[in-house]
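Colleague: Sharing a structure, written as structure tokens. Questions coming.
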Amino acid sequence: MKVAIAGGGNVGTAIARDLRANGHEVLLIERDPDLVERLRDEIDVTWVAADACEVSSLDAAGLATVDVVVAATGDDEDNLVISLLAKQEFAVPRVVARVNHPKNQWLFNESWGVDVSVSTPQLLTALVEEAVSVGSLVRLLQFEGGNAHLVEVTLAEGSPAEGISLAELDFPREATVVAVVRDDRLVVPRGDTVLSAGDEVLVLVTGDAEPAVQHLLVGR
């Protein structure tokens, strides 16, 4: 997979290192030429000293050939512009954008070319809630401009789903159980998987199916 990352700060370079270590081809675009020269020998990726908000710079960098763009600068306005250019000008299949300020989260949607937005404060909040909440539905991640999201429920004693198989629960078509974590072990969900109290159930939900999922796993 070929990935272009806009922003050579701590976040962008950390992503670049991880992707490169996993065998992906990485293009890192950074507007500060001094920073590029300083890091070029430290991180084995293709470096481009250019402004990722300029169409001509992205064209020269070969953005039309990448599979994923990650807008990871420290400026939300820049990340929105980069996302929009990547999607509309270069038809990049997947655009992931960093949200620096939570108040701007609502802007990061498909209208701006964003497929997945990542807000560190919101993610940390979700992880805290996931760690302490039993019997509550917690939204972990949001995808596709807000139309799809990953939710988690740790089943409480007396949950309506306790002792029931996934097939019997009859989830709506817009919801799919993607994983069950039981006693620190991952259980690949099947129709005959019977849920127990304490299970962490992760569900991918689209559309307006979240209330139905909550009713099945948590109750009213």
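Colleague: Mind listing whichever residues of the stretch 71-81 are more than 17 Å from the chain's Cα centre (by Cα) and either of a type in the set (A, V, I, L, M, F, W, C) or on the phi > 0 side of the Ramachandran plot (or both)?
Modeller: V81
Colleague: While we're on this one: Given the conditions (1) among the aliphatic types (A, V, I, L, M); (2) under 20 Å from the mean Cα position of the chain (by Cα); (3) under 24 Å from V81 (Cβ atoms), and given that A52 satisfies all but one, which numbered condition is not satisfied?
Modeller: Going through the list (1) among the aliphatic types (A, V, I, L, M); (2) under 20 Å from the mean Cα position of the chain (by Cα); (3) under 24 Å from V81 (Cβ atoms), A52 breaks only (2).
Colleague: Working only within the stretch 63-99, note down all residues that are among the small types (G, A, S) and surrounded by 17 or more Cβ atoms within 10 Å (Cβ to Cβ).
Modeller: A71, A72, S83, A86, A97
Colleague: Let me ask something else. Could you list all residues from the stretch 181-197 that are touching a strand residue (DSSP E or B) at 6+ places or on another chain (Cβ under 8 Å) and more than 12 Å from S165 (Cα to Cα)?
Modeller: V181, R182, L186, V187, V188
Colleague: Please verify whether the stretch 123-138 includes one or more residues that are at pLDDT below 80, more than 20 Å from A197 (Cα to Cα), in the same structural domain as T193 (by TED's automatic domain parsing) and surrounded by fewer than 16 Cβ atoms within 10 Å (Cβ to Cβ).
Modeller: Checked against the condition, which is being at pLDDT below 80, more than 20 Å from A197 (Cα to Cα), in the same structural domain as T193 (by TED's automatic domain parsing) and surrounded by fewer than 16 Cβ atoms within 10 Å (Cβ to Cβ), the stretch 123-138 yields no hits at all.
Colleague: Among the residues in the stretch 168-190, are any aliphatic (A, V, I, L, M), farther than 20 Å from R139 by Cβ, out of contact with any helix residue (DSSP H, G or I) (no Cβ under 7 Å at 6 or more places or on another chain) and at pLDDT 90 or above?
Modeller: No, the stretch 168-190 contains no residue that is aliphatic (A, V, I, L, M), farther than 20 Å from R139 by Cβ, out of contact with any helix residue (DSSP H, G or I) (no Cβ under 7 Å at 6 or more places or on another chain) and at pLDDT 90 or above.
Colleague: I would also like to ask the following. Would you pick out the residues in the stretch 18-62 that are at pLDDT below 95, surrounded by 12 or more Cβ atoms within 10 Å (Cβ to Cβ) and within 15 Å of V96 (Cβ to Cβ)?
Modeller: Answer for the stretch 18-62, where residues must be at pLDDT below 95, surrounded by 12 or more Cβ atoms within 10 Å (Cβ to Cβ) and within 15 Å of V96 (Cβ to Cβ): L19, H24.
Colleague: Could I ask something else about it? If you take the residues in the stretch 145-198 that are acidic (D, E) and touching a Leu at 6+ places or on another chain (Cβ under 7 Å), which one is surrounded by the most Cβ atoms within 10 Å (Cβ to Cβ)?
Modeller: E152
The values are calculated or read from the model by the stated rules, or taken from the named source; none is laboratory data. Everything numeric in this text was worked out from a predicted model, so none of it was measured. Positions of Cβ are backbone-derived with ideal geometry, glycine not excepted, and every protein chain shown enters the neighbour counts.
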